[in-house]
Amino acid sequence: MAQYYVNQNQQTNGDHEVHVEGCKFMPFEKNLLELGGHTDCASAVEVARNTYDQVNGCNICCPDCDTK
């Protein structure tokens, strides 16, 4: 299972972006909220939605969950 994180800082459009561990666009560690291990980005995004209303997957490391 891959480890997923959500950026606690929102993007300019209001999204909180979900990243998989090792993404080259991973935010600074202090800005990350750990989502735990998941088999796919969809389940990680769902967990992130328990904290943030507006969530999206990173278009680089989670393209299947990027709705931009």
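The values are calculated or read from the model by the stated rules, or taken from the named source; none is laboratory data. None of the values given here were measured: they were computed from a predicted structure. FYI the Cβ positions are ideal-geometry reconstructions off the backbone, even for glycines, and counts take in every protein chain you see. The area values use the complete protein model at the heavy-atom level, side chains included, leaving out ligands, DNA and RNA. Shrake-Rupley method; radii C 1.70, N 1.55, O 1.52, S 1.80 Å.
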Checklist entry - What are the residues in the stretch 1-37 that are more than 20 Å from ASP53 (Cα to Cα) and not polar (S, T, N, Q), if any? => result MET1, ALA2, GLU21, GLY22, CYS23, LYS24, PHE25, MET26, PHE28, GLU29, LYS30, GLY37
Item to check | Residue in the stretch 19-32 that is over 12 Å from TYR5 (Cβ atoms) and of a type in the set (Asp, Glu) present | outcome: no
Checklist outcome for this item: Counted residues in the stretch 27-42 being open to solvent by 50 Å² or more (accessible area, probe 1.4 Å) and either in contact with a strand residue (DSSP E or B) (Cβ under 6 Å, 6 or more places away or on another chain) or not charged (D, E, K, R) (or both) come to 5
Item to check | Conditions (1) β-branched (Val, Ile, Thr); (2) open to solvent by 20 Å² or more (accessible area, probe 1.4 Å); (3) in a helix (DSSP H, G or I): number failed by VAL45 | outcome: (2)
Checklist entry - Which residue pairs have Cβ atoms closer than 6 Å, lie 6 or more positions apart in sequence or on different chains, and pair a first residue in the stretch 18-42 that is farther than 16 Å from CYS65 by Cβ and touching a residue at least 12 places away in the same chain (Cβ under 8 Å) with a second residue that is among the aromatic types (Phe, Trp, Tyr) and open to solvent by less than 60 Å² (accessible area, probe 1.4 Å)? => result LEU32/TYR5; GLU34/TYR5
Checklist entry - Within the group ASP53, ASP64, which residue is at pLDDT 95 or above, in a loop (DSSP other than H, G, I, E, B) and exposed (fewer than 12 other Cβ atoms within 10 Å of the Cβ)? => result ASP53
Checklist entry - What number of residues in the stretch 9-23 are open to solvent by 20 Å² or more (accessible area, probe 1.4 Å) and small (Gly, Ala, Ser)? => result 1
Item to check | Subset of the stretch 33-45 (residues that are more than 9 Å from TYR4 (Cβ to Cβ) and not β-branched (Val, Ile, Thr)) | outcome: LEU33, ASP40, ALA42
